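Contents: one structure, followed by commentary.
The values are calculated or read from the model by the stated rules, or taken from the named source; none is laboratory data. These numbers were taken from a predicted model, which means no experiment stands behind them. Quick reminder, even Gly has a Cβ in these numbers, built from the backbone with ideal geometry, and neighbours come from all protein chains shown. Each accessible area value is taken on the protein alone, full model and side chains, heavy atoms only, with ligands, DNA and RNA left out. Shrake-Rupley method; radii C 1.70, N 1.55, O 1.52, S 1.80 Å.
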Amino acid sequence: MDGAILQGRDIYYNNSKIYYTDLNVIVEACKINTSQYNWLITQYECNYYPTEELENKRHDYIWLTGKDFNELIQNETLQFIWGIIIAFPLTTSLEDVLKNQLPTYKTEKYFPSLSIIEIISEDSSFVKVFSNQKDFIQNFRDSIPEARNI
Amino acid sequence: MSNHKNVNGRSGDLPKTSTPNSSQDLYVNGELWQRRFYDSNGNMIKDIDFLHGNGSGTHTFPHEHYWEWINGTPVRK
C-alpha cells in the first residue's frame, strides 16, 4: 500500500488552515467518492458527538454506508482526534471485516487485500493515509503540500 | 489544587465543561492519563496527556493540547 503522513501545526488546504482531523478535508483531498464504499470507524474520539450512537460506540466501532458516512463528516468542525477510518467496497460485508481482528494503533495497513483506503488519526497530532490505489495518495499529497510519503 | 477533582474512567471521559477555573484528572485503571483545565466560563481550554492506552508508541509524555472554542464547539489544536 502507498502511504502519506500529514504532521505539523500549520497545515493548509484550499488556502485555509485546517485542524486535525476534519475527515471531510481528508477524503476531499484524496478525491475519493465516499458514497461508493462502506466505512468502518473504530477506536475513535471526537471533539463532540453529533449522535448518541456515535458517542456510545467510541470504544468499539461503527459501520456506515457511504450515505451515512457523508452525513457524518458534513458536520462542521467535527474532528476525529483519534480514529481508524477504513473504506471497503460495497461487496465487502461487515461480517467479512469482523473475521479479522479490529484494528489498533499498534499496527497499520490493516486490510491490504480488502480496503480501499485507510485513514489513521492519532491524538490530533498527525494523520496517516494508506491505499492500494496510488491515485488517492497522490491526490492527497498534491492537495496538501505538507503531506509526505511514508 | 483548588477546584480540582479526580475521575476514574476511560479515555475521552473528561467533560467538555465543568466548574469555572477548575481542573480534573482522568485515571484509567489507576493510572493518570490526562489532566484537563477549564477557563473562567467553565469551558475546557487545555489538556496535559500523561499516558495513552492506544497509539503507535511515537508520543512523548507528558504533552499538551489546547482547545479553541469556535461558535460553541471545541476544536482541539
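Data overview
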item: Test result for A:Pro112, farther than 26 Å from A:Tyr12 by Cβ and either touching a residue at least 60 places away in the same chain (Cβ under 8 Å) or touching a His at 6+ places or on another chain (Cβ under 7 Å) (or both); result: yes
item: Any hit, region A:129-136, residues being of a type in the set (S, T, N, Q) and either closer than 30 Å to B:Asn43 by Cβ or open to solvent by less than 10 Å² (accessible area, probe 1.4 Å) (or both); result: yes
item: All positions within region A:51-69 that are closer than 18 Å to A:Leu90 by Cα and surrounded by fewer than 16 Cβ atoms within 10 Å (Cβ to Cβ); result: A:Thr65, A:Lys67, A:Asp68
item: Single residue of region A:57-82 satisfying the filter (of a type in the set (S, T, N, Q) and modelled with pLDDT of 95 or more) that is nearest to the chain's Cα centre (by Cα); result: A:Asn70
item: From A:Gly83, A:Gly66, residue being within 14 Å of chain B (Cβ to nearest Cβ) and among the small types (Gly, Ala, Ser); result: A:Gly83
item: Hey, B:Tyr38 open to solvent by 40 Å² or more (accessible area, probe 1.4 Å) and either among the charged types (D, E, K, R) or closer than 17 Å to B:Asn6 by Cα (or both) or not; result: no
item: Among the candidates A:Tyr48, A:Tyr37, residue that is among the aromatic types (Phe, Trp, Tyr), open to solvent by less than 70 Å² (accessible area, probe 1.4 Å) and under 22 Å from B:Asp13 (Cβ atoms); result: A:Tyr48
item: All positions within region A:8-34 that are loosely packed, with under 15 Cβ neighbours inside 10 Å and in contact with a Lys or Arg (Cβ under 9 Å, 6 or more places away or on another chain); result: A:Arg9, A:Asp10
item: Hey, B:Glu64 within 14 Å of another protein chain (Cβ to nearest Cβ) and open to solvent by 50 Å² or more (accessible area, probe 1.4 Å) or not; result: yes
item: Selection status of A:Ile120, part of a strand (DSSP E or B), within 14 Å of chain B (Cβ to nearest Cβ) and hydrophobic (A, V, I, L, M, F, W, C); result: yes
item: Hey, B:Lys16 touching a residue at least 40 places away in the same chain (Cβ under 8 Å) and either more than 10 Å from chain A (Cβ to nearest Cβ) or over 15 Å from A:Glu122 (Cα atoms) (or both) or not; result: yes
item: Enumeration of residues in region B:20-29 that are outside any strand (DSSP E or B) and farther than 11 Å from B:Leu51 by Cβ; result: B:Pro20, B:Asn21, B:Ser22
item: Selection status of A:Ala147, surrounded by 13 or more Cβ atoms within 10 Å (Cβ to Cβ), at pLDDT below 95 and more than 13 Å from chain B (Cβ to nearest Cβ); result: yes
item: Pick from region B:25-61, criterion under 16 Å from A:Asp123 (Cβ atoms) and of a type in the set (Ser, Thr, Tyr), ranking: farthest from the other protein chains (Cβ to nearest Cβ); result: B:Thr60
